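Chemist: Supplied in structure tokens, the structure appears directly below.
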């Protein structure tokens, strides 16, 4: 999933806009060296966000930030498929 926009916010959070959801903003927060989805400002102009989409958001963001080594160590790790 391609990142269209990324901006840093308060307390270490980062806000992302992704290609498949151009009208929704995804806020990610750091935990144990990687970033996870904390909140989504979902827009009705985008389709509903699924659990699979959340995993794709996290994987793309952690790749962009260079924190995939920490992300891979989490308990429920698996690389999201492109489906």
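Chemist: Relative to the present Cα-Cα distance, how much length would full extension add between residue 73 and residue 19 at 0.36 nm per residue of separation?
Modeler: Values: separation 54, 0.36 × 54 = 19.44 nm, distance 2.66 nm.
Between residue 73 and residue 19, full extension yields 16.8 nm more.
Chemist: If I take every Cα pair under 8 Å that is 6 or more residues apart in segment 3-71, average their sequence separation and divide by the length, what percent do I get for the relative contact order? Mind dumping the intermediate values first?
Modeler: Working: 104 pairs, mean separation 16.7, N = 69.
Worked out over segment 3-71, it gives 24 percent.
Chemist: For the chain, what is the mean residue ellipticity at 222 nm derived from helices alone (per DSSP H run of n ≥ 4: -39500 (n - 2.57); sum divided by total residues; nearest 500 deg cm²/dmol)?
Modeler: Working: 2 runs with 19 residues, N = 83.
After summing the helix terms and dividing by residue count, I get -6500 deg cm²/dmol.
Chemist: Could you give the length gained by full extension between residue 10 and residue 44, i.e. 0.36 nm per residue of separation minus their alpha carbon distance, to one decimal place? Mind dumping the intermediate values first?
Modeler: Details: separation 34, 0.36 × 34 = 12.24 nm, distance 2.59 nm.
Length difference between fully extended and current span is 9.6 nm.
Chemist: At a 10 Å Cβ-Cβ cut-off, how would you order 51, 74, fewest neighbours first? Could the numbers behind the result be given before it?
Modeler: Working: 51 8, 74 15.
Going from least to most buried by this count: 51, 74.
Chemist: Distance in nm between label sites at residue 63 and residue 3, each 7 Å beyond Cα in the beta-carbon direction?
Modeler: 1.1
Laboratory data are not the source of any read-out in this text; all were calculated from the coordinates shown. Just so it is clear, the model here is predicted, and its values are computed rather than measured. With ideal geometry, Cβ positions are generated from the backbone for all residues, glycine too; neighbour counts draw on all protein chains shown.
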